[in-house]
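The values are calculated or read from the model by the stated rules, or taken from the named source; none is laboratory data. Predicted, not measured: the structure shown is a model, and the values here were computed from it. Cβ placement follows ideal geometry from the backbone for every residue including glycine, while neighbour counts extend to all protein chains displayed.
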């Protein structure tokens, strides 16, 4: 059976590169649920608590932000799924 037209959900995972920090605070979302996004768009800004450095989390694919799993001011850790993007 062909898979044409099926939507795929892609997790937006907190995987900061080049940082030895594991705990972050989600500062704010740059997109709302239902917003179309392109691969590489900045979607979330988090702050590394120990380093007081802000970090942008980029969209891993193009699609629509369909779910937000972490809220502003919430503590998140490396590997957490922050949201989901539906791509086709």
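Just one of the listed residues (66, 33) is assigned to a strand (DSSP E or B) and either in contact (Cβ under 8 Å) with a residue 24 or more places away in the chain or in contact with a strand residue (DSSP E or B) (Cβ under 7 Å, 6 or more places away or on another chain) (or both), namely 66. State whether the residues of region 2-18 include one that is surrounded by 14 or more Cβ atoms within 10 Å (Cβ to Cβ), part of a loop (DSSP other than H, G, I, E, B) and free of Cβ contacts under 8 Å to residues at least 60 places away in the same chain. No, every residue in region 2-18 fails to be surrounded by 14 or more Cβ atoms within 10 Å (Cβ to Cβ), part of a loop (DSSP other than H, G, I, E, B) and free of Cβ contacts under 8 Å to residues at least 60 places away in the same chain. Kindly indicate whether residue 85 is under 17 Å from residue 19 (Cα atoms), under 11 Å from the mean Cα position of the chain (by Cα) and either touching a residue at least 24 places away in the same chain (Cβ under 8 Å) or outside any strand (DSSP E or B) (or both). Considered against the rule, which asks whether it is under 17 Å from residue 19 (Cα atoms), under 11 Å from the mean Cα position of the chain (by Cα) and either touching a residue at least 24 places away in the same chain (Cβ under 8 Å) or outside any strand (DSSP E or B) (or both), residue 85 comes out as no.
Regarding region 66-80, can at least one residue be identified that is modelled with pLDDT of 95 or more and under 15 Å from residue 8 (Cα atoms)? Yes, some residue in region 66-80 is modelled with pLDDT of 95 or more and under 15 Å from residue 8 (Cα atoms). Within region 76-88, the set of residues being closer than 16 Å to residue 29 by Cβ and touching a strand residue (DSSP E or B) at 6+ places or on another chain (Cβ under 6 Å) comprises 76, 81, 82, 83, 84, 85.
Residue 43: surrounded by 13 or more Cβ atoms within 10 Å (Cβ to Cβ), modelled with pLDDT of 95 or more and part of a strand (DSSP E or B), yes or no? It is true that residue 43 is surrounded by 13 or more Cβ atoms within 10 Å (Cβ to Cβ), modelled with pLDDT of 95 or more and part of a strand (DSSP E or B). Selection over region 46-60 of residues that are touching a strand residue (DSSP E or B) at 6+ places or on another chain (Cβ under 6 Å), surrounded by fewer than 16 Cβ atoms within 10 Å (Cβ to Cβ) and in a loop (DSSP other than H, G, I, E, B) gives a count of 1.
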